[in-house]
1. Could you tell me the convex hull volume per residue, in Å³, taken over the Cα atoms of the stretch 22-108?
2. Could you pull out the GluC sites (Glu not before Pro) across the stretch 118-197 that fall in loop regions by DSSP (anything but H, G, I, E, B) with no more than 11 other Cβ atoms inside 10 Å?
3. Taking the Cβ of each residue in Asp359, Asp182 as the centre, tally the other Cβ atoms inside 10 Å and list the residues starting with the fewest.
4. Would you pull out the residues with amide H under 5 Å of Tyr515's amide H, same chain only if 5 or more places away, H placed 1.01 Å from N?
5. Could you tell me which of rounded, prolate or oblate describes the stretch 265-379, using a ≥ b ≥ c as the square roots of the eigenvalues of the alpha-carbon gyration tensor, with rounded for a/c under 1.5 and, failing that, prolate when a/b is larger than b/c and oblate otherwise?
6. Each residue of the stretch 59-65 in turn: what ³J(HN,Hα) in whole Hz from Karplus with 6.51, -1.76, 1.60 and θ = phi - 60°, glycine and Pro shown as x?
7. Per Stokes-Einstein, at 37 °C and 0.692 mPa s, what whole-number D in µm² s⁻¹ belongs to the chain, with the Kirkwood radius over Cα pairs as the hydrodynamic radius?
8. With runs of 4+ DSSP H residues as the only contributors, calculate the mean residue ellipticity of the chain at 222 nm using -39,500 (n - 2.57) per run, divided by the residue total and rounded to the nearest 500.
Amino acid sequence: MIRGLVNWLLGGTASMPGRIPESVIHQIRERVNLVELVGQQVKLRRTGRNWVGLCPFHSDGKPSFSVNPERGFFYCFGCHEGGDAISFLTKLKGMSYVEAVEALARTVGIEVTYEDGGDPAARARSKERRQVLSDLLREAHAWFRTRLTSPEGREGAEYLVSRGVNPAMTSAFQVGFCPAGDGLYQHFTRRGLPLNMAEELGLIGRSRSGGFRDRFSGRVTFPVLTMTEQVAGFSGRSLPGGHDPKYLNSPDSEVFKKGELLFGLVQARDAIKKQDQAILVEGQLDVVSLHQAGITRAVAGLGTALTEHQAMLVKRLTHRVCLLYDGDEAGRKATWRTMSLLMNQGLYGTVVRLPDKEDPDSMARKEGGPELLVKLIENARPFLEHALEVLSGGAGRSLHGRVEAARQGMEFASQIKSALDRQVFTEQLADRLGLEPAALKAEAAVSASSGAAVSTVDAMQEIPRKEIDLLELAVQFPEVVPRICRDESFDLLENDAVRRFLLALFDQFEEEGRYDLQAAMNGVEHRGLRDICGKVLMDDRRLPPADAERGVREVMSSFKRSRLERKMEELSRKIRVTESSGEGEKVLELLREQEEVGRELAALAASRRN
C-alpha cells in the first residue's frame, strides 16, 4: 500500500528537461539497498527489523538514527530528519532532488527518463551533448593534474609552495596547472576531441592569429565541483607577474553556471553538517588555507557577489553562516551585501572583521594565525549587531549622516524575516542615531511588508492525543484514511497539519487509487508529525487490520462524544439564561434539544460497550 516514504527536502528540477516519472522514482527506491547506502557513512548494527547507528546529521551521543530496509525509510529521533534513499543524499550531500535521483539511478543501473520535456530525440541529443561536455572537462582536469607533478608544472608547484599549500591540500582540492602555451589544445587535437566544444567550455580560446591557445595558460587550476562531485568548470589563478585577471573562471555554459556553484562545498559539506555552520570567504586560496589550518567548513563564491542560488546551496546543509571576508573596503561592502541576501533567504550568522589589508589566507599563514582565526570566528558578532555597529559608526554627528544611516538601516531591516528581530533592530538603531523610534518603525513596516515572514504557528501547534492515534493508524493502514476523512467528525480535528496530511492521502486515493506518504508530506512542516510518522514506520509491531478499523471507530466516536458534550454544556447555559428571562416556550424547545443530545450520547456509549 505504502508506495513512497516521507521526503522532507526536495530540490528543484528547473535545469532538467521535464519531470521524472513516478514509476522511475519508485523503481529506483525499490532497487536501492538503503542499509548499504547509509552504511557507507554510518556504522550500523541490526536490532530486530531495523538498523541503528549514530546520526550523520547532528552530533549524536547515542544511537538515535534508525533504518528500516523493508520500507526503505530512515529516521532520527534526535534531530527529526527522515526520508528515503533520495532524501538521504539531498540531506547528507546537499544534492538537489534530481541530482540525488540520477546518482542513485547510476548505482542501480536504471536510466532516468523525463516526461513533458519535448521531443524525445531532442532530449537524447541534449543528453549526449552534455555527456561529451562532461568528458572534455574530465579530460582537461586529468591533464592539469598530471602537468602539476611533471617538469612542465614546476612553476605552478613552486607557487603553491610559496603560498604554503601542502601536498595534502593539493590533493584534497585536486589542484592542477596549465603550463604556458597550447599544450591542452595539442592534447585535444591528438585525441581527436571536439575543439568547438572545448572552446565553448572555455578550455581553449582563439589567438590573435586565428589559431587556438590554452585559455588557462600559465595558471594554477582549481576545479569547481558539483554536489555529485563532477567537474563543472575551473577557476585559474595567475602566477605572480602573470596575466590579469588574477582569477579566471570558466565561462557560463550548459554545465557551468558560476552563480550556482560554490568552491570547496564538496570538501566542506561534512564539516558544515557536523558543526552546523558554513564559513564564507572570497577566494579559492582563502578556502584552501583555512582547510589546511583545520577550519574545514570554509567555502567561496566564484568572483562575483553571492547569489540566491548559492545561498540555497548553503541552506541545504546549515542555517548558520559566518562571513569571513577580506579586511579592505571592498570586503566590507561585500559583507554588507551578503548579509542582506542571506537574511532574505532565512540564513543568519555572524561576521568577522579582519584588520585592514588582511585576508583569511594571510591570517591563516601567520604564526599563531590558525588559533587566532578560531577565536575570531568563535567571538564573531551576529549579523544584526554588526549592522548596528556599521550604521552608527558611519553616521557621524551630522543630521544628513544620521538620516542616510537610517535609510540604509531600514533597507537592511526589510531583509529581516523575524518581526521581533526587525522591531528590536529598528528600536536600537533609532536609539544609536538619536532619532524617533516611531518614525523608523513606520518606515521599517513599509519596507518589510512585501517580505513578511511566514508564520511558524502551524509548525509548532501541538497535536492532541486522539489525533496522534489517528495519524498512527493512517500511516500503518492507509486504507482507513477514507473512513477518517468521510466521517462527520473529521472537521473537529484541531491540528491543521494533521488535517492537511490526511486530506492529501485521501485526495490521492480519490484521484489515483493509491496512497503516497511522501507526496502527502510535501509542504507539511511539523516536527511532531514527523516524529509520529517516523516512530510508526520504524516500529516492528503491527496491529491486526480489524484492530485498526476498531481504533478508527473509537477515535472518531470520541470526537463526536466531545462535540455532543460541548453542545450539552452550551444548551444547559442557554436554558439557565432563558429561564431567568421567563421565556417558557423557548425553555421547552431547548429541553427537547438537550434530550435529543442525551439520546445520542447514550447511543454512543452503548455502541462502545458492544
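1. Considering the Cα atoms of the stretch 22-108, their hull volume per residue is 88 Å³.
2. none
3. Working: Asp359 21, Asp182 17.
In order of increasing Cβ crowding within 10 Å: Asp182, Asp359.
4. It is Arg3, by chain and number.
5. Oblate.
6. My calculation for the stretch 59-65 gives 6, 9, x, 9, x, 10, 9 Hz in order.
7. Taking Rh from Cα pairs, D becomes 115 µm²/s.
8. Working: 27 runs with 328 residues, N = 610.
Mean residue ellipticity, 222 nm, calculated: -16500 deg cm²/dmol.
Each reported figure results from applying straightforward, stated rules to the coordinates on display, with no laboratory input. Source: prediction; values computed, not measured. Using ideal geometry, Cβ is built from the backbone for each residue, glycine included, and neighbour counts are taken over all protein chains shown.
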